[in-house]
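Enquirer: Before we start, here is the structure in question, set down as structure tokens.
Just so it is clear, none of the values below were taken in a lab; they were calculated from the coordinates. On a predicted model such as this, the values are computed, not experimentally measured, just so you know. Every residue, glycine among them, receives a Cβ derived from its backbone with ideal geometry; neighbour counts consider all protein chains shown.
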Amino acid sequence: MLNALLITGSSLGAGKTVLISALAAYWQRYLSSRSLGIIKPIDCGTNDAQYFQQQFSLEQSPEQTNPIRFEARLPAPIAALRENQKIELEKIWRSFESLSQQKEFVLLEGLGGLGSPLTAEMTNADLAWDWRIPVVLVVPVQPGAIAQAVANVALANQSRIHLKGIVLNCVQPCHAQEIADWASPDLLRSLTQKPVLGCIPYMSDPTDTNKLAQVASQLSIEGLLPYLAV
């Protein structure tokens, strides 16, 4: 699936939604003649899908944006059990397939990290491999970031998925020295053999579309939107 990109994180709260928002804002500013879709296949206890729908005026159905949603902020299989529901992977695939047929490019927000479970037998990494979707890993700039990144990249390699690179995200105000200390791009590149596609600065208002588009333009956009980048 070359017309899609899965955004996943090295931990909860890594900044997947911020990166997708930045890419969507960039797209609407510079690629508005082309169609973009956004999907969060499974949502557990957040309103990310609703936010995407409203923030970017997506011309797609709510079911395409978020096929499965649970109220509990828990791992998907546990949330499904708690709410006495089943996770229908076929339903997720149908939503994604219909969206990818209608749009020139589709951004997917993964649930948690690559190792986060979608069912009792399947993780985000498994989905990326099964659907042949390239992946970008968001790593928060904080203590422990390098270890988390290395572990997720190891899982990506083991799962044979196409991990295009890493995007750092400042989840709190941070200086250049803190980025170098906690999430050194040089060390990450050396340890993972993956490109670091840029760093998202701390955003006090992550809904500011002008700022989001500016942030995206400062990333290695060709590594994120390689087929349609300007």
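Enquirer: From the convex hull of the Cα coordinates of region 103-230, what is the mean projected area in square nanometres? Intermediate results must be reported in sequence, preceding the final value.
Expert: Working: hull surface 34.9 nm².
For the Cα atoms of region 103-230, the hull's average projected area reads 8.7 nm².
Enquirer: Would you please name the GluC sites (Glu not before Pro) within region 26-103 that are DSSP coil residues with at most 15 other C-beta atoms within 10 Å of their C-beta?
Expert: Those that pass, being in a loop and sparsely packed, are 59, 71, 83, 88.
Enquirer: Further question on the same structure: Pull up the DSSP beta bridges for the chain and report the antiparallel fraction as a percent, rounded to 5.
Expert: Values: 1 of 26 bridges.
Antiparallel: roughly 5 percent of the beta bridges in the chain.
Enquirer: Further question: Can you sort 40, 91, 194 so the residue with the fewest Cβ neighbours within 10 Å comes first?
Expert: 91, 194, 40
Enquirer: I've got another one for you. Which trypsin sites (Lys or Arg not before Pro) from region 7-87 combine a DSSP loop assignment with at most 15 other Cβ atoms within 10 Å?
Expert: 34, 73, 86
Enquirer: Could you give the Stokes-Einstein D for region 8-108 in µm² per second, using the C-alpha Kirkwood radius, 37 °C, 0.692 mPa s?
Expert: It diffuses with D of about 231 µm²/s by this estimate.
Enquirer: Moving on to the next point. Over all directions, what mean area does the Cα convex hull of the chain project, stated in square nanometres?
Expert: One quarter of the hull surface, i.e. the mean projection, equals 11.5 nm².
Enquirer: Taking 0.36 nm per intervening residue step and subtracting the Cα-Cα distance, what contour gain separates residue 55 from residue 172 on full extension?
Expert: 39.8 nm
Enquirer: Using the number of other C-beta atoms within 10 angstrom as an exposure proxy, rank 137, 212 with the fewest first.
Expert: On the way: 137 29, 212 26.
Least to most surrounded, the residues fall as 212, 137.
Enquirer: Let me ask you something else. If the elastic network links every pair of Cα atoms under 10 Å, which of 58, 19, 197 fluctuates the most in the Gaussian network model of the chain?
Expert: 58
Enquirer: Hey, what number do you get for the chain at 222 nm if only DSSP H runs of n ≥ 4 count, each worth -39500 (n - 2.57), divided across all residues, to the nearest 500?
Expert: Calculated at 222 nm, the ellipticity per residue is -12000 deg cm²/dmol.
Enquirer: Another one. Membrane-span-like helices in the chain: DSSP H runs reaching 15 Å or more (Cα, own axis), mean Kyte hydropathy at least -0.5?
Expert: Flagged H segments are 16-30, 145-158.
Enquirer: Placing unit charges on C-beta atoms (Lys and Arg positive, Asp and Glu negative, everything else neutral), compute the dipole magnitude of the chain about its Cα centre in debye, rounded to 20. Intermediate results must be reported in sequence, preceding the final value.
Expert: Numbers: 17 positive and 20 negative charges, 52 e Å.
Taking the Cα centre of the chain as origin, the dipole is about 240 debye.
Enquirer: Quick check on region 160-211: take the gyration tensor over C-alpha atoms, sort the square-rooted eigenvalues as a ≥ b ≥ c, and tell me if it's rounded (a/c under 1.5), prolate or oblate.
Expert: Verdict is oblate for region 160-211.
Enquirer: Sorting 130, 48 on the 10 Å Cβ count, fewest up front, what's the list?
Expert: Values: 130 13, 48 20.
With the sparsest Cβ surroundings first, the list reads 130, 48.
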